[in-house]
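**Q** Structure incoming, see below.
The values are calculated or read from the model by the stated rules, or taken from the named source; none is laboratory data. Since the model is a prediction, treat every value here as computed from it, not as a measurement. Cβ placement follows ideal geometry from the backbone for every residue including glycine, while neighbour counts extend to all protein chains displayed. What goes into the accessible areas is simple: the full protein's heavy atoms, side chains included, and nothing from ligands, DNA or RNA. Shrake-Rupley method; radii C 1.70, N 1.55, O 1.52, S 1.80 Å.
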Amino acid sequence: MEELVSLCKRRGFIFQGSEIYGGLQGFYDYGPLGVELKNNIKAAWWRTNVYERDDMEGLDASIIMHRQVLRHSGHEATFSDPMVDNKKNNKRYRLDHLVKDQKADVIAKVAEAMGQSAENFPAVVAALNANPAQASEALRAAGVRDPFSGEVGEWTEPKPFNMMFKTTIGPVADDESYGYLRPETAQGIFTNFKNVVDSTSRRLPFGIAQIGKAFRNEITPRNFIFRVRELEQMEIEFFCAPGTDEEWHEHWLEKRLSWWEAQGVPRSKIEILDVPKEDLAHYSKRTYDLMYDYPTLGHEEIEGIANRSDYDLGSHTKNQSELGLVARVEENLDSIAKLTIPHPETNKPVVPFVIEPSAGVDRAMLAVLSEAFTKETLENGNERIVLKLKPHLAPIKVAVIPLARNKAELVDLARSIKNDLQKLGLGRILLEDSGNIGKAYRRHDEVGTPYCVTVDFDTVGKGEDASLTDTVTIRDRDTLAQERVKISDLSAYLQAKLR
Ligand code: ATP
């Protein structure tokens, strides 16, 4: 992981946010190559989930939302993590993170004090969350140390900490003039359900997809871009008739696993966690968490696929009592819209069930980069670092390299080849005229460029072999094989490889 983090900074994938002022914890900036990789991941997700299906629509809702949205969604009341304070130094920690970071014997003592087995950490967390007074006693008795000071802490009773960012809207900062930065993109989909149905004439089953920023004031952001305060999500809300939800849930589980596989994140590295009933979020009937085996971190959630029943539309609709809702929802006297759709069989208005595959873009980046990061020993004994990204995700698709930077003839031809390739719409093509071919290859291995095209003296008819005039060398990142291809065949060649 450390090597990957250093490569990300060195090569311009990911930087600490606000770095020149000391950095801001939980915020990261994506650099010249990071933005390309991120865009490619999002485009791949959009292509699979919107363009290649006939039952999906897209959406881009606003980030700041009316407080009533987040009130009726349940976030004001329940979108919190348990937090404990160390009275000795006023440091605050998320309870489960604090315990997880202890030595094994301390974790075992906490588990025992909570009547749980340390083997089943989620059950230990659930017990801690459910019994604040006992939890604080368990931390004390086990001698839980403060990760910052390294000393045994004096722990308060855990209390819930709401993770939403609140912001003032308009020039007057009174009690009413505030909204929230959305903590998930999902709510924008629910609040636009009627707009999308009315404008597209969609009938069940169908889904709405959205990619966008979400904000969570995490108590302890950490592990590079795994847990951040400003994140990006790729979410689908798939609406279906009650009774068909379980089948759709399985459908989406399968679809999502195969999508991850196509991005270079194999199934063998993802564990499917069927979240135990007692740990389910307030809206969920059943949830599968996809737990990817991150280097150093171990299995952590990369995507959640939840059956949200009719909770969300049921919470945001008016006339709740007439709609035969299955989920238990809070009364809503604020909404002005009835969020129903004709049942596909009876044609009677129904509040649909929702299946929600929700993946994090930042966590996807980390997984894709982790899988691609490879160290090889070459035949000559040298070590090579190479990012074996799937070509459709590579930030730079092709680097066109003139063999000598001070030979205008080579540089001009390389530039013209670059311009022609750029028109194919494959993504970023780079003119790499740094002048040192060995360094250029090394750099492009490290950033995952699948092909390097070199323009040399043979290309312009000034080499030893006249038959090589108007041909270039194509170097394959993974096999290191070099092939001589006619310039006139280059577009077709690369298109076939990169599409
Ligand atoms: P965790 O338990 O790890 O905090 P969560 O269960 O709160 O995650 P969800 O609410 O299910 O996460 O969010 C859906 C997806 O959004 C997650 O699978 C993850 O990929 C991403 N995500 C959530 N919180 C963060 C975060 N703080 N930083 C980066 N990605 C996040």
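**Q** So if I check each of 37, 24, 33, which one is open to solvent by 50 Å² or more (accessible area, probe 1.4 Å) and aliphatic (A, V, I, L, M)? Give the derivation first.
**A** Values: 37 fails: open to solvent by 50 Å² or more (accessible area, probe 1.4 Å); 33 fails: open to solvent by 50 Å² or more (accessible area, probe 1.4 Å).
Only one candidate passes the filter, namely 24.
**Q** Something else now. Residue by residue through the range 432-456, note down the ones that are small (Gly, Ala, Ser) and open to solvent by 40 Å² or more (accessible area, probe 1.4 Å).
**A** If the condition is that a residue be small (Gly, Ala, Ser) and open to solvent by 40 Å² or more (accessible area, probe 1.4 Å), then 434 is the only one that fits.
**Q** A further question follows. Can you find, within the range 318-335, the residue that is nearest to residue 242 (Cα to Cα) among those that are open to solvent by 70 Å² or more (accessible area, probe 1.4 Å) and within 32 Å of the chain's Cα centre (by Cα)?
**A** Among those that are open to solvent by 70 Å² or more (accessible area, probe 1.4 Å) and within 32 Å of the chain's Cα centre (by Cα), it is 326.
**Q** Across the range 263-272, what is the number of residues that are open to solvent by 50 Å² or more (accessible area, probe 1.4 Å) and either among the acidic types (Asp, Glu) or touching a Phe, Trp or Tyr at 6+ places or on another chain (Cβ under 7 Å) (or both)? Walk me through how you get there before you give the answer.
**A** We begin by selecting, within the range 263-272, every residue open to solvent by 50 Å² or more (accessible area, probe 1.4 Å); these are 267-269, 271-272.
Then drop every residue that is not either among the acidic types (Asp, Glu) or touching a Phe, Trp or Tyr at 6+ places or on another chain (Cβ under 7 Å) (or both), which leaves 269, 271-272.
Of the residues in that region, 3 qualify.
**Q** Regarding the range 146-154, can at least one residue be identified that is open to solvent by 20 Å² or more (accessible area, probe 1.4 Å), touching a residue at least 60 places away in the same chain (Cβ under 8 Å), charged (D, E, K, R) and farther than 26 Å from residue 280 by Cα?
**A** Yes, some residue in the range 146-154 is open to solvent by 20 Å² or more (accessible area, probe 1.4 Å), touching a residue at least 60 places away in the same chain (Cβ under 8 Å), charged (D, E, K, R) and farther than 26 Å from residue 280 by Cα.
**Q** Could you give me the residue pairs with C-beta distances under 7 Å whose first residue belongs to the range 366-383 and is within 24 Å of residue 30 (Cβ to Cβ), whose second residue is among the polar types (S, T, N, Q) wherever it lies, and which are 6+ apart or on separate chains?
**A** Note: pairs meeting the criteria are 368/263.
One line per residue, one yes/no per condition, for (1) within 14 Å of the ligand (Cβ to nearest atom); (2) among the hydrophobic types (A, V, I, L, M, F, W, C); (3) under 21 Å from residue 327 (Cβ atoms):
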position: 181; (1), (2), (3): yes, yes, no
position: 190; (1), (2), (3): no, yes, yes
position: 197; (1), (2), (3): no, yes, yes
position: 206; (1), (2), (3): no, yes, yes
position: 211; (1), (2), (3): yes, yes, no
position: 227; (1), (2), (3): yes, no, no
position: 230; (1), (2), (3): yes, no, no
position: 259; (1), (2), (3): yes, yes, no
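**Q** Within the range 278-317, how many residues are hydrophobic (A, V, I, L, M, F, W, C) and either surrounded by fewer than 16 Cβ atoms within 10 Å (Cβ to Cβ) or away from the ligand (no atom under 13 Å from the Cβ) (or both)?
**A** Result for the range 278-317: 3.
**Q** What's the number of the only condition in (1) at pLDDT below 95; (2) within 20 Å of the chain's Cα centre (by Cα); (3) among the aliphatic types (A, V, I, L, M) that residue 77 fails to meet?
**A** With respect to (1) at pLDDT below 95; (2) within 20 Å of the chain's Cα centre (by Cα); (3) among the aliphatic types (A, V, I, L, M), residue 77 is out only on (2).
**Q** Does at least one position in the range 399-411 carry a residue that is surrounded by fewer than 16 Cβ atoms within 10 Å (Cβ to Cβ), free of Cβ contacts under 8 Å to residues at least 60 places away in the same chain, in contact with a strand residue (DSSP E or B) (Cβ under 6 Å, 6 or more places away or on another chain) and over 30 Å from residue 193 (Cα atoms)?
**A** There is no residue in the range 399-411 that is surrounded by fewer than 16 Cβ atoms within 10 Å (Cβ to Cβ), free of Cβ contacts under 8 Å to residues at least 60 places away in the same chain, in contact with a strand residue (DSSP E or B) (Cβ under 6 Å, 6 or more places away or on another chain) and over 30 Å from residue 193 (Cα atoms).
**Q** If residue 173 meets every condition in (1) more than 11 Å from the ligand (Cβ to nearest atom); (2) touching an Asp or Glu at 6+ places or on another chain (Cβ under 8 Å); (3) part of a loop (DSSP other than H, G, I, E, B); (4) not charged (D, E, K, R) apart from one, which number is that one?
**A** It fails just one condition, (2).
**Q** Name the residue, out of 118, 111, 104, that is buried (at least 19 other Cβ atoms within 10 Å of the Cβ), without any contact (Cβ under 8 Å) to a residue 24 or more places away in the chain and of a type in the set (A, V, I, L, M). It would help to see each step written out before you state the result.
**A** Values: 118 fails: buried (at least 19 other Cβ atoms within 10 Å of the Cβ); 104 fails: buried (at least 19 other Cβ atoms within 10 Å of the Cβ).
Testing whether each residue is buried (at least 19 other Cβ atoms within 10 Å of the Cβ), without any contact (Cβ under 8 Å) to a residue 24 or more places away in the chain and of a type in the set (A, V, I, L, M) leaves just 111.
**Q** Name the strands (runs of 3 or more DSSP E) wholly inside the range 45-120 in which the number of residues that are touching a helix residue (DSSP H, G or I) at 6+ places or on another chain (Cβ under 9 Å) and closer than 23 Å to residue 210 by Cα is 3 or more. So that I can check it myself, show each step before the final result.
**A** On the way: elements: 56-59, 64-66, 80-86, 91-94.
Per the criteria, 56-59.
**Q** Could you tell me which numbered condition residue 244 fails, if it satisfies all but one of (1) of a type outside the set (D, E, K, R); (2) open to solvent by 10 Å² or more (accessible area, probe 1.4 Å); (3) within 22 Å of residue 46 (Cα to Cα)?
**A** The single condition residue 244 does not satisfy is (3).
**Q** Restricting to the range 192-232, name every residue that is open to solvent by 10 Å² or more (accessible area, probe 1.4 Å) and part of a strand (DSSP E or B).
**A** Once the filter is applied, which keeps residues that are open to solvent by 10 Å² or more (accessible area, probe 1.4 Å) and part of a strand (DSSP E or B), the range 192-232 yields 211, 213, 215, 222, 227, 230, 231, 232.
**Q** Somewhere in the range 348-357, is a residue in contact with a Gly (Cβ under 6 Å, 6 or more places away or on another chain), within 30 Å of residue 227 (Cβ to Cβ), within 14 Å of the ligand (Cβ to nearest atom) and in contact (Cβ under 8 Å) with a residue 60 or more places away in the chain?
**A** Of all residues in the range 348-357, those in contact with a Gly (Cβ under 6 Å, 6 or more places away or on another chain) come to 351.
Subsequent filtering for residues that are within 30 Å of residue 227 (Cβ to Cβ) retains none.
The answer is no; no qualifying residue exists.
**Q** Here is a check on your reading of the model: is residue 338 open to solvent by 50 Å² or more (accessible area, probe 1.4 Å), more than 24 Å from residue 370 (Cβ to Cβ) and touching a Leu at 6+ places or on another chain (Cβ under 9 Å)?
**A** Details: open to solvent by 50 Å² or more (accessible area, probe 1.4 Å): yes; more than 24 Å from residue 370 (Cβ to Cβ): yes; touching a Leu at 6+ places or on another chain (Cβ under 9 Å): yes.
For residue 338, the condition - open to solvent by 50 Å² or more (accessible area, probe 1.4 Å), more than 24 Å from residue 370 (Cβ to Cβ) and touching a Leu at 6+ places or on another chain (Cβ under 9 Å) - is met.
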